[in-house]
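The values are calculated or read from the model by the stated rules, or taken from the named source; none is laboratory data. Note that the structure is a prediction, hence the values are computed from the model and not measured. Positions of Cβ are backbone-derived with ideal geometry, glycine not excepted, and every protein chain shown enters the neighbour counts. Quick note on the areas: whole protein, heavy atoms, side chains included, nothing else; ligands and nucleic acids left out. Shrake-Rupley method; radii C 1.70, N 1.55, O 1.52, S 1.80 Å.
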Amino acid sequence: MKPAVILMAYGSPDRLGDVPAYYADIRGGRPIAPAHLDDLVGRYRALGVDDGSEPSPLNTITEETRAALEAGLGFPVFTGMRHWRPRIAEAVDSALADAADLLVGLVLAPHYSALSIAAYRAQFDGAAGGRVETRFVERWGAEPALISLLAERVRGTGAHVVFTAHSLPVRILADGDPYQDELLETSRLVGEAASLEDWSFSYQSESPTGEPWLGPDILDHLGELKARGVGDVLVCPVGFVSDHLEIRWDIDHEAKERAAELGMRLDRIAMPNADPDFIDCLAGIVIRELQAVAA
Ligand code: FEC
């Protein structure tokens, strides 16, 4: 067998000039208010994405993760982006051009939702189109290696730990979507492994789509914590695994600013990115999928 991994990520614009097309892809053809587009361009600019020839700092992290996983596994890993290039379909085509005969699809997001992992899966399955044997990892939020890696980063803190994840529209609950339950389970497992006495969960990064989103949002939650007498917060974004816009802007800028306004201190854990322990975690998941095929 000649396996390859299709490592799927949300994707990030390479240059500022890409932001309109990238945002249009996220919106799936629905209209974008000009003020929202300007605001998004400003956020990417603040993170160091520019119109120069250097790669975007955010995409550089995804590439480091891909390269480290490939080195760890000893067979090819191709990156496919849900909303940018290289697309998931391009990654699948590259793997097939490289003569891979078994593709393992793994998304760099641990929790299942119909609005998230299912959309990656649809692109992956559509691209493979029955041309090759495939395995797809639907969830890995309770993976022991992930739990212990995150637990290590919050263990012993004197701060109140707030686990966070990207919010989604409230309507997913009526459809019985497992997203929220899976996020709370990861948070509980990490809290237990790190013997945390005081932790909570909140959402972040709600998008201005005009419908209600799951809450509480971290910006409101900080106010609730302040009212409870909490002065020191450590954010552990369990729904994300790398430094990107939602971490570097929404947590490091917006949430930090809100905490400062409230007279609170806010830090966050270092994201897994291409940390060797995290790469081992991903490699372990892939190897288990290969073993299931061989069994
Ligand atoms: O660093 C980067 O360039 C990309 C950061 C990024 C990540 C990410 C992850 C998730 N999203 C999820 C759901 C939604 C839904 C909408 C939505 C909108 C945006 C916008 C940007 C954006 N998201 Fe995202 N998301 C990232 C970036 N996301 C930019 C558009 C402007 C804005 O809201 O600021 C609303 C779509 C709509 O308009 O209909 C829903 C979920 C995740 C976590 C799972 C995953 O990573 O795939 C869920 C990273």
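Considering each residue of the stretch 234-245 in turn, at least one proves to be closer than 20 Å to E138 by Cβ and of a type in the set (A, V, I, L, M). One residue stands out in the stretch 5-60 among those that are assigned to a strand (DSSP E or B) and away from the ligand (no atom under 12 Å from the Cβ): the one that is surrounded by the fewest Cβ atoms within 10 Å (Cβ to Cβ), namely L7. When the stretch 225-262 is limited to residues that are of a type in the set (G, A, S) and open to solvent by 60 Å² or more (accessible area, probe 1.4 Å), the one that is farthest from V190 (Cα to Cα) turns out to be A260. Just checking, how many residues over the stretch 207-236 are within 21 Å of D39 (Cα to Cα) and in contact with a Leu (Cβ under 8 Å, 6 or more places away or on another chain)? Counting residues in the stretch 207-236 that are within 21 Å of D39 (Cα to Cα) and in contact with a Leu (Cβ under 8 Å, 6 or more places away or on another chain) gives 1. With respect to L115, is the statement that it is within 14 Å of the ligand (Cβ to nearest atom), open to solvent by 10 Å² or more (accessible area, probe 1.4 Å), touching a helix residue (DSSP H, G or I) at 6+ places or on another chain (Cβ under 9 Å) and under 19 Å from M271 (Cα atoms) true? No, not satisfied.
For the structure I just gave you, tell me whether R87 is away from the ligand (no atom under 14 Å from the Cβ), basic (K, R) and within 21 Å of the chain's Cα centre (by Cα). So R87 fits the description; yes. Scoring L69 on the criteria (1) open to solvent by less than 20 Å² (accessible area, probe 1.4 Å); (2) within 11 Å of the ligand (Cβ to nearest atom); (3) out of contact with any His (no Cβ under 7 Å at 6 or more places or on another chain) leaves a single failure, condition (2). Within the stretch 149-176, if we keep just the residues that are at negative phi and open to solvent by 60 Å² or more (accessible area, probe 1.4 Å), the residue that is farthest from the ligand (Cβ to nearest atom) turns out to be G158. Go through the stretch 168-191 and give me each residue that's over 19 Å from the mean Cα position of the chain (by Cα) and of a type in the set (D, E). Of everything in the stretch 168-191, just one residue is over 19 Å from the mean Cα position of the chain (by Cα) and of a type in the set (D, E), namely D175. Which of the numbered conditions does R131 fail, given that it passes all the others? Conditions: (1) charged (D, E, K, R); (2) within 16 Å of the ligand (Cβ to nearest atom); (3) more than 30 Å from V190 (Cα to Cα). Single failed check for R131: (2). Looking only at residues of the stretch 51-110 that are acidic (D, E) and out of contact with any Ser or Thr (no Cβ under 8 Å at 6 or more places or on another chain), we find that the one that is nearest to V238 (Cα to Cα) is E64.
If only residues of the stretch 84-101 that are surrounded by fewer than 19 Cβ atoms within 10 Å (Cβ to Cβ) and in contact (Cβ under 8 Å) with a residue 60 or more places away in the chain are counted, the one that is farthest from K2 (Cα to Cα) is R85.
The residue list V286, V293 contains one member that is surrounded by 20 or more Cβ atoms within 10 Å (Cβ to Cβ) and either free of Cβ contacts under 8 Å to residues at least 12 places away in the same chain or β-branched (V, I, T) (or both), which is V286.
Among the residues of the stretch 32-50, those that are touching a residue at least 40 places away in the same chain (Cβ under 8 Å) and under 15 Å from I247 (Cα atoms) comprise R43, Y44, A46, L47. Only residues that are open to solvent by 50 Å² or more (accessible area, probe 1.4 Å), within 21 Å of G156 (Cα to Cα) and at pLDDT 95 or above were counted across the stretch 185-217, and they come to 5.
Pairing residues of the stretch 51-68 that are over 20 Å from P20 (Cβ atoms) with residues that are aromatic (F, W, Y) and open to solvent by 20 Å² or more (accessible area, probe 1.4 Å), at Cβ distances under 6 Å and at least 6 apart in sequence or on separate chains, gives no pairs at all.
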